[in-house]
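See structure below.
The values are calculated or read from the model by the stated rules, or taken from the named source; none is laboratory data. Computed from a predicted structure; not experimentally measured. Cβ coordinates were reconstructed from backbone atoms using ideal geometry, including for glycine residues, and neighbour counts include every protein chain displayed. For the accessible areas, the whole protein counts, side chains as well, though only heavy atoms, and no ligand, DNA or RNA atoms are used. Shrake-Rupley method; radii C 1.70, N 1.55, O 1.52, S 1.80 Å.
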Amino acid sequence: MKPCLQLVFLVFLICHTEAEFFTSIGQMTDLIYAEKDLVQSLKEYIRAEEAKLSQIKSWAEKMDVLTSKSTSDPEGYLAHPVNAYKLVKRLNTDWLELENLVLQDTTNGFIANLTIQRQFFPTEEDETGAAKALMRLQDTYKLDPETLSRGNLPGTKYKSSLTVSDCFGMGKTAYNDGDYYHTVLWMEQALKQHDEGEDTTVSKVEILDYLSYAVFQFGDLHRAMELTRRLISLDSTHERAGSNLRYFEKLLEKEREEKSRENSLNKTTAATEPVVQSGTYERPLDYLPERDIYEALCRGEGVKMTPRRQKRLFCRYHNGNRNPHLLIAPFKEEDEWDSPHIVRYYDVMSDEEIEKIKQLAKPRLARATVRDPKTGVLTVASYRVSKSSWLEEDDDPVVGKVNQRMQQITGLTVKTAELLQVANYGMGGQYEPHFDFSRRPFDSTLKSEGNRLATFLNYKDEPDAFKRLGTGNRVATFLNYMSDVEAGGATVFPDFGAAIWPKKGTAVFWYNLFRSGEGDYRTRHAACPVLVGCKWVSNKWFHERGNEFLRPCGRTEVD
């Protein structure tokens, strides 16, 4: 690679040090070009090696002919003084030159390039994050390991599959995280592909070692013993497997004795053999109470769009309450939900504006953070996998233009709103159920519709996250979809069962607060994992201050 190109690429890499590539598909695209550069460097090394080997081969062939002649009659050959001279010269000079050629290191350029770039490559954290992303997609969209391994996903343009080694790596990642549920699933898939004859450097012994222990963690003693015996049949010297088998046998004997005592106490004449489990294990419960509802909505299941509700949804032209800028060119407005009222606007951003916004945001993308509800401190979290950046109007005229458009559509002021946030979702990119507004101590007398789970999740000691801004709470959210998504990536509201799918150039809008200033807990929402595609969004959070007369208080707390 030319020095100037190396310098440009090095500048890019420095800007992306510890970038957590897996959290942004947009930034991961840069790795494609990095790998392409390495391939070119590798090909140059191969050409140099081939040229060197060609020279050595030519020399060897020439010397083979010469030595065949000389060894047939050494004295006769050396009788000619020129042959004698050339023999001395070859052994003193020519063979030394050949030695130098053989010792010549043609790897310098490639190794130097690789060394420079490798320090900015994805890290172990990235590989772990990428593996967990596949498992997240597997769970959310109910995909079996076979489907993922074969790459049979909807909307994919470039199909790819996982090898035995890949599946084994997935299983190891889960195992190291104490996640035996996914360990079993992926080790079983690795074993299946291995049994089918796929060529791999991973041995069945290695797979069975992890699989048997993970199965044991689920209490499936009989299957753990079966797998361990299979391992020992392949490697009778495996000490850990032998020790495990003896331990399992003792546990099984103890289990039988306890069962026998129980049967005796119950006056049962014959002890029954414990039932061997099928090898299918339940996914463990986690920290998210509405997990099942959330993931069902992501799959398009459980959406509570009844015919009665559908009749209350309409399309119209929206002029922003006769805003002069929108009288001639109103926006198309479509009701997505009736209560709380969620609307979608069409043709909010042009393709050119979207590309410019992405161009401005991409170099500034950083791992998106969440606010710790107890401390108020911003931190990264596994339930928010994306990168975001904040754009000011001084960055480019297009930012101010988009801000003004959102102000015209909503009738709210952008003077006290937050900067335009641009987000790009990574592998399995998501943001699990959350509130956009800062939750204040909950008033138990407040009457509101919806799932009381949302109110339970309120923290009474949560600090006012926006107090330092002096602009009040987030009164409304305006969310721009800047890309289509081939599969997944919906915005869902678990409390009332709504799912809104991304459409490039459209935007959705809802109020987070009632007119009284109380939080509307029904607006707890989530960004579903992106199954296939690259999801870009931008959003504007409007705040209370400055909008007191633009959105006056209602007569009750829940108006």
Could you list, in sequence order, the residues of the stretch 515-533 that are touching a Ser or Thr at 6+ places or on another chain (Cβ under 6 Å) and surrounded by fewer than 21 Cβ atoms within 10 Å (Cβ to Cβ)? Val532
Looking only at the stretch 111-149, which residues are in contact with a strand residue (DSSP E or B) (Cβ under 9 Å, 6 or more places away or on another chain) and aromatic (Phe, Trp, Tyr)? Tyr141
Name the pairs: first residue in the stretch 197-208 and of a type outside the set (A, V, I, L, M, F, W, C), second residue outside any helix (DSSP H, G or I), Cβ to Cβ under 8 Å, at least 6 apart or on different chains? Glu198/Thr163; Thr200/Thr163
Given His222, His194, His182, which one is of a type outside the set (A, V, I, L, M), surrounded by fewer than 20 Cβ atoms within 10 Å (Cβ to Cβ) and touching a residue at least 12 places away in the same chain (Cβ under 8 Å)? His222
Counted residues, the stretch 106-136 - those being over 11 Å from the mean Cα position of the chain (by Cα), closer than 30 Å to Tyr294 by Cα and surrounded by 14 or more Cβ atoms within 10 Å (Cβ to Cβ): 0
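Go through the residues of the stretch 503-514 one by one and say whether even a single one is open to solvent by 30 Å² or more (accessible area, probe 1.4 Å), in a strand (DSSP E or B), farther than 30 Å from Asn152 by Cβ and not assigned by the TED database to the domain that holds Asp144. Steps first, please.
Taking the stretch 503-514 first, the residues open to solvent by 30 Å² or more (accessible area, probe 1.4 Å) are 503-504, 511.
Narrowing further to those that are in a strand (DSSP E or B): 511.
Filter once more, so that each one left must be farther than 30 Å from Asn152 by Cβ: 511.
Then drop every residue that is not not assigned by the TED database to the domain that holds Asp144, which leaves 511.
Scanning the stretch 503-514 turns up at least one residue that is open to solvent by 30 Å² or more (accessible area, probe 1.4 Å), in a strand (DSSP E or B), farther than 30 Å from Asn152 by Cβ and not assigned by the TED database to the domain that holds Asp144.
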Search result, residues across the stretch 75-86 that are open to solvent by 70 Å² or more (accessible area, probe 1.4 Å) and either part of a helix (DSSP H, G or I) or charged (D, E, K, R) (or both): Glu75, Leu78, Pro81, Val82, Tyr85, Lys86
Could you tell me whether the stretch 496-513 includes any residue that is free of Cβ contacts under 8 Å to residues at least 40 places away in the same chain, under 24 Å from Gly428 (Cα atoms) and polar (S, T, N, Q)? no
If Lys89 passes every condition in (1) among the charged types (D, E, K, R); (2) touching a helix residue (DSSP H, G or I) at 6+ places or on another chain (Cβ under 9 Å); (3) in the same structural domain as Leu31 (by the TED database); (4) surrounded by fewer than 13 Cβ atoms within 10 Å (Cβ to Cβ) but one, which one does it miss? (2)
Give the residues of the stretch 283-317 that are touching a residue at least 24 places away in the same chain (Cβ under 8 Å) and either more than 38 Å from the chain's Cα centre (by Cα) or open to solvent by 30 Å² or more (accessible area, probe 1.4 Å) (or both), sorted by residue number. Arg283, Pro284, Pro289, Ile293, Arg299, Gly300, Gly302, Val303, Lys304, Met305, Arg309, Arg312
Single condition Thr23 does not satisfy, out of (1) open to solvent by 40 Å² or more (accessible area, probe 1.4 Å); (2) modelled with pLDDT under 90: (1)
Against the conditions (1) assigned to a helix (DSSP H, G or I); (2) modelled with pLDDT of 90 or more; (3) of a type outside the set (Ser, Thr, Tyr), where does Asn424 fall short? Just the number, please. (1)
Among (1) open to solvent by less than 40 Å² (accessible area, probe 1.4 Å); (2) of a type in the set (Asp, Glu); (3) not assigned by the TED database to the domain that holds Arg150, there is one condition Glu262 misses while meeting the rest; what is its number? (1)
Matching residues, the stretch 399-416, being surrounded by fewer than 21 Cβ atoms within 10 Å (Cβ to Cβ) and either at pLDDT below 95 or among the β-branched types (Val, Ile, Thr) (or both): Thr413, Thr416
Would you check if there is a residue in the stretch 39-46 being under 30 Å from Val530 (Cα atoms), at pLDDT 90 or above and open to solvent by 60 Å² or more (accessible area, probe 1.4 Å)? yes
Return a yes/no flag: does the stretch 358-366 have any residue that is out of contact with any Asp or Glu (no Cβ under 9 Å at 6 or more places or on another chain), assigned to a loop (DSSP other than H, G, I, E, B), modelled with pLDDT under 95 and in the same structural domain as Pro433 (by the TED database). yes
Which ones in the stretch 534-559 are farther than 14 Å from Gly472 by Cβ and surrounded by 15 or more Cβ atoms within 10 Å (Cβ to Cβ)? Cys534, Lys535, Trp536, Val537, Ser538, Asn539, Lys540, Glu557
All positions within the stretch 515-531 that are polar (S, T, N, Q) and part of a loop (DSSP other than H, G, I, E, B): Ser516
Determine whether the stretch 438-457 contains at least one residue that is open to solvent by less than 20 Å² (accessible area, probe 1.4 Å) and either assigned by the TED database to the domain that holds Leu143 or at pLDDT 85 or above (or both). yes
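Which one of Glu336, Glu301 is assigned to a loop (DSSP other than H, G, I, E, B) and modelled with pLDDT of 95 or more? Talk me through it step by step, then tell me what you get.
On the way: Glu336 fails: assigned to a loop (DSSP other than H, G, I, E, B).
Selected residue: Glu301, the only one of Glu336, Glu301 that is assigned to a loop (DSSP other than H, G, I, E, B) and modelled with pLDDT of 95 or more.
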